[in-house]
Ligand code: GCU
């Protein structure tokens, strides 16, 4: 059943005013070109412009596909020959933008390029129609920009409809069936296309019995989603279970080297492509947290991934094989097993063995989407393997969309991390295949999605900024997070629709710019991670995981805290990094403060680079973090009556909860460490 139309997010009608007021020519054919035409037609109907398919008179804007017959006369000769300064052509997804003689021109080689060009103009607004603009080609830096939905088809007894979902139900599924809300899915496709996202997987990586059927008897459900998203250039992928040949095919084994198993995957995959010709491929979580995998058959993960890759290759599909493989039945007494080592230990030895259409999907950090972790050592360790770096847009460990936490600065830091030290290639360079020593395979940026059937898509209206920024960073990982926030503000809160545009902009920056670091300050200190409530990962639980089987410990005692991952005295994980990081992280003197407790166990009296002791840092940051949330709440109050009251009210309610929860974090963490250490706060503040 359809529910009320969702919030327009960053594409309200007003964002199309500049285009809608113009005379526009749309030239070309193909589904995304029709999407372009419909968008322009709708805008023109509202703002007084007109759109045509063949030039009948003077125009202000031409959006044209180059190989769709002769270009309209109005395109000046200079633009026809793509005088692109870097000599490249727009290619599969890019577009060329220029403006001369009062006409703005977007040319593309492929229909979806035209769609990306249109949304670029939307971002530019009036600026797209002023002055002369030399030709410039825009192309995505990364070939695949993907969101993984952890949506369950059937409601999971513990995880519900969406695993780690904080925005209500699924946009795809409800109670074991497709939800059938076509309007919402089209709106979603449109939002994704406007940021540059071009792929999604439609079900959880933990594949249950109902979800397994999407590959076979319930393929029509997947095809319907693919049909709705195709006009937006978004391809559909599916999470599959490695045990599918047994579960669905009735075979006695899922052994990747078994002939019958190969045949089953081949014929099953052929049927998938017969139904969904542009199907993207499979996502697999194998031998991880209880999911089946090749280890059951004495095979390794290259055998497993290559099996699926072989079935997909003839059709141009890829397998995203997740590197999130570790022992989730650890004994807390055993200090030699280190969860942070696991992905590297499992996968680095397999470099060079993966088929060309395997994409090894690596979480950005070695543990699990924490608000602070070092970059995963796997990324530098696999030069012969295609990689995807996996981020988490859904805020599992960053406030679950109750807390305002703008994550783009964190992702930017990860993407800008120089894998082989200053001046060397970054994570973004590796994914974008920028020339240089080290990995040269290129890769994808993937994130776990944060949307649901909530009227604001994300529960927290400001969490829309994370979804927006993810897509834009996947298009160009070098974009600046503050500038991206400006883009999002301009689109979401158009100046003509709010009471005081300057106040709106300043307030949103005041609330969001530093919100990730604020979150870091009032939660687990100095990169140690977790300390979350094990029931759901929300709110503080300092010892919540300390004696559990999950391998995420902080080892606090009366003298100190932190995990010794050094080669000298600890688990040796620092040795998984290439120089200089292997030395920097090993060294107590050089290790950056924010990662100190990730790599070292230190006394509370240890003095940080900041000049503070560890214990005083814990107190100071926790007091500061809560004070900053109070300031966020007060700033936000100033927007009452200035923006849409529904948005204002929802955010106000969430900020109240953020303040309550941050206060709880502060008091539990400070009290915990005061009780352990007996060291009082140097500034005499109240610790309970
Ligand atoms: C986290 C999360 C799980 C999820 C897992 C994964 O551990 O809590 O719900 O299944 O990551 O990425 O597979």
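The values are calculated or read from the model by the stated rules, or taken from the named source; none is laboratory data. These numbers were taken from a predicted model, which means no experiment stands behind them. As a convention, Cβ positions derive from the backbone with ideal geometry for all residues, glycine included, and neighbour counts pool all protein chains shown.
So how many residues does segment 241-294 have that are away from the ligand (no atom under 16 Å from the Cβ), closer than 16 Å to residue 305 by Cα and within 28 Å of the chain's Cα centre (by Cα)?
Looking only at that region, the number is 6.
Only one of these is surrounded by fewer than 23 Cβ atoms within 10 Å (Cβ to Cβ) and either assigned to a loop (DSSP other than H, G, I, E, B) or more than 16 Å from the ligand (Cβ to nearest atom) (or both): 310, 302. Name it. Give the derivation first.
Values: 302 fails: surrounded by fewer than 23 Cβ atoms within 10 Å (Cβ to Cβ).
One residue alone meets the criteria, 310.
Would you kindly identify the helices (runs of 4 or more DSSP H) lying entirely within segment 481-529 that contain at least 1 residues that are more than 19 Å from residue 651 (Cβ to Cβ) and under 23 Å from the mean Cα position of the chain (by Cα)?
In segment 481-529, 481-492, 515-522 are the helices (runs of 4 or more DSSP H) which contain 1 or more residues that are more than 19 Å from residue 651 (Cβ to Cβ) and under 23 Å from the mean Cα position of the chain (by Cα).
Is it fair to say residue 392 is at positive phi and outside the structural domain of residue 524 (by TED's automatic domain parsing)? Explain how you work it out, then say what you get.
On the way: at positive phi: no; outside the structural domain of residue 524 (by TED's automatic domain parsing): yes.
For residue 392, the condition - at positive phi and outside the structural domain of residue 524 (by TED's automatic domain parsing) - is not met.
Taking segment 325-367 as the region of interest, how many residues are buried (at least 21 other Cβ atoms within 10 Å of the Cβ), within 16 Å of the ligand (Cβ to nearest atom) and part of a loop (DSSP other than H, G, I, E, B)?
Adding up the residues that qualify gives 6.
Among the residues of segment 138-151, write down those that are assigned to a strand (DSSP E or B) and more than 11 Å from the ligand (Cβ to nearest atom).
Just the residues of segment 138-151 that are assigned to a strand (DSSP E or B), to begin with: 138, 145-148, 151.
Matches in segment 138-151: 138, 145, 146, 147, 151.
Within the set of pairs 6 or more residues apart or between chains, which connect a residue that is in a helix (DSSP H, G or I) inside segment 266-293 to a residue that is within 16 Å of the ligand (Cβ to nearest atom) and at pLDDT below 95 with Cβ atoms less than 8 Å apart?
Note: no pairs meet the criteria.
Going through segment 443-466 one residue at a time, which ones are within 20 Å of residue 427 (Cα to Cα) and within 13 Å of the chain's Cα centre (by Cα)? Even if it seems obvious, please write down each step before you answer.
Within segment 443-466, the subset within 20 Å of residue 427 (Cα to Cα) is 443-448, 466.
Of everything in segment 443-466, those that are within 20 Å of residue 427 (Cα to Cα) and within 13 Å of the chain's Cα centre (by Cα) turn out to be 444, 445, 446, 447, 448, 466.
Residues that are at pLDDT 95 or above and not assigned by TED's automatic domain parsing to the domain that holds residue 468, at least 1 per element: which helices (runs of 4 or more DSSP H) completely within segment 1-113 meet that?
Working: elements: 17-20, 31-47, 77-80.
In segment 1-113, the matching helices (runs of 4 or more DSSP H) lie at 17-20, 31-47.
Filtering segment 230-254 down to residues that are in contact (Cβ under 8 Å) with a residue 60 or more places away in the chain and in a loop (DSSP other than H, G, I, E, B), which residue is farthest from residue 322 (Cα to Cα)? Walk me through how you get there before you give the answer.
First pass over segment 230-254, keeping only residues in contact (Cβ under 8 Å) with a residue 60 or more places away in the chain: 230-233, 237, 239-240, 242.
Narrowing further to those that are in a loop (DSSP other than H, G, I, E, B): 233, 240, 242.
Numbers: 233: 24, 240: 12, 242: 12 Å.
The qualifying residue farthest from residue 322 (Cα to Cα) is 233.
One line per residue, one yes/no per condition, for (1) in a helix (DSSP H, G or I); (2) out of contact with any helix residue (DSSP H, G or I) (no Cβ under 8 Å at 6 or more places or on another chain); (3) under 22 Å from residue 248 (Cβ atoms); (4) within 16 Å of the ligand (Cβ to nearest atom):
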site: 164; (1), (2), (3), (4): no, yes, no, yes
site: 169; (1), (2), (3), (4): no, yes, no, no
site: 187; (1), (2), (3), (4): yes, yes, no, no
site: 191; (1), (2), (3), (4): yes, no, no, no
site: 194; (1), (2), (3), (4): yes, no, no, no
site: 197; (1), (2), (3), (4): no, no, no, no
site: 204; (1), (2), (3), (4): no, no, yes, yes
site: 207; (1), (2), (3), (4): no, yes, yes, yes
site: 210; (1), (2), (3), (4): yes, yes, yes, no
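Is it the case that residue 223 is away from the ligand (no atom under 16 Å from the Cβ), surrounded by fewer than 21 Cβ atoms within 10 Å (Cβ to Cβ) and modelled with pLDDT of 95 or more? Let's see the steps before the verdict.
Values: away from the ligand (no atom under 16 Å from the Cβ): yes; surrounded by fewer than 21 Cβ atoms within 10 Å (Cβ to Cβ): yes; modelled with pLDDT of 95 or more: yes.
Here the answer is yes, as residue 223 does meet what is asked.
Out of all the residues in segment 154-212, which are at positive phi and under 17 Å from the mean Cα position of the chain (by Cα)?
164, 196 - these are the residues of segment 154-212 that are at positive phi and under 17 Å from the mean Cα position of the chain (by Cα).
Just one of the numbered conditions (1) in a strand (DSSP E or B); (2) without any contact (Cβ under 8 Å) to a residue 12 or more places away in the chain is not true of residue 434; which one?
If we test residue 434 against (1) in a strand (DSSP E or B); (2) without any contact (Cβ under 8 Å) to a residue 12 or more places away in the chain, just (1) comes out false.
Here is a list of conditions, (1) crowded, with 18+ Cβ neighbours inside 10 Å; (2) over 22 Å from the mean Cα position of the chain (by Cα), and residue 238 meets all of them except one; can you say which number that is?
Of the numbered conditions (1) crowded, with 18+ Cβ neighbours inside 10 Å; (2) over 22 Å from the mean Cα position of the chain (by Cα), the odd one out for residue 238 is (2).
Are any residues in segment 274-295 loosely packed, with under 15 Cβ neighbours inside 10 Å and closer than 17 Å to residue 324 by Cα, and if so, which ones?
Scanning segment 274-295 gives 289, 290.
Please state which one of 622, 606, 648 is buried (at least 22 other Cβ atoms within 10 Å of the Cβ), farther than 30 Å from residue 343 by Cα and touching a helix residue (DSSP H, G or I) at 6+ places or on another chain (Cβ under 9 Å). It would help to see each step written out before you state the result.
Working: 606 fails: buried (at least 22 other Cβ atoms within 10 Å of the Cβ); 648 fails: buried (at least 22 other Cβ atoms within 10 Å of the Cβ).
Matching residue, one of 622, 606, 648: 622.
Residues of segment 114-137 being surrounded by fewer than 18 Cβ atoms within 10 Å (Cβ to Cβ) and assigned to a strand (DSSP E or B), which ones?
Matches in segment 114-137: 133, 134, 136.
Restricting attention to segment 368-395, which residues are outside any strand (DSSP E or B) and away from the ligand (no atom under 16 Å from the Cβ)?
Residues of segment 368-395 outside any strand (DSSP E or B): 368-385, 393-395.
Within segment 368-395, 372, 374, 375, 377, 379, 380, 381, 382, 383, 384, 385 meet the criteria.
Kindly indicate whether any position in segment 408-422 is in the same structural domain as residue 187 (by TED's automatic domain parsing) and within 20 Å of residue 493 (Cα to Cα). Can you show your working first?
The first filter runs over segment 408-422 and keeps only residues in the same structural domain as residue 187 (by TED's automatic domain parsing), leaving 408-422.
Now drop any that are not within 20 Å of residue 493 (Cα to Cα), which leaves 408.
Yes, segment 408-422 contains at least one residue that is in the same structural domain as residue 187 (by TED's automatic domain parsing) and within 20 Å of residue 493 (Cα to Cα).
So for segment 396-403 (the condition being assigned to a loop (DSSP other than H, G, I, E, B), on the phi > 0 side of the Ramachandran plot, within 13 Å of the ligand (Cβ to nearest atom) and under 17 Å from the mean Cα position of the chain (by Cα)), does at least one residue qualify?
The initial filter retains those residues of segment 396-403 that are assigned to a loop (DSSP other than H, G, I, E, B), namely 396-403.
Subset that is on the phi > 0 side of the Ramachandran plot: 399-401.
Checking the rest, the ones that are also within 13 Å of the ligand (Cβ to nearest atom) come to 400.
Keeping just the survivors that are under 17 Å from the mean Cα position of the chain (by Cα) gives 400.
Within segment 396-403, one or more residues are assigned to a loop (DSSP other than H, G, I, E, B), on the phi > 0 side of the Ramachandran plot, within 13 Å of the ligand (Cβ to nearest atom) and under 17 Å from the mean Cα position of the chain (by Cα).
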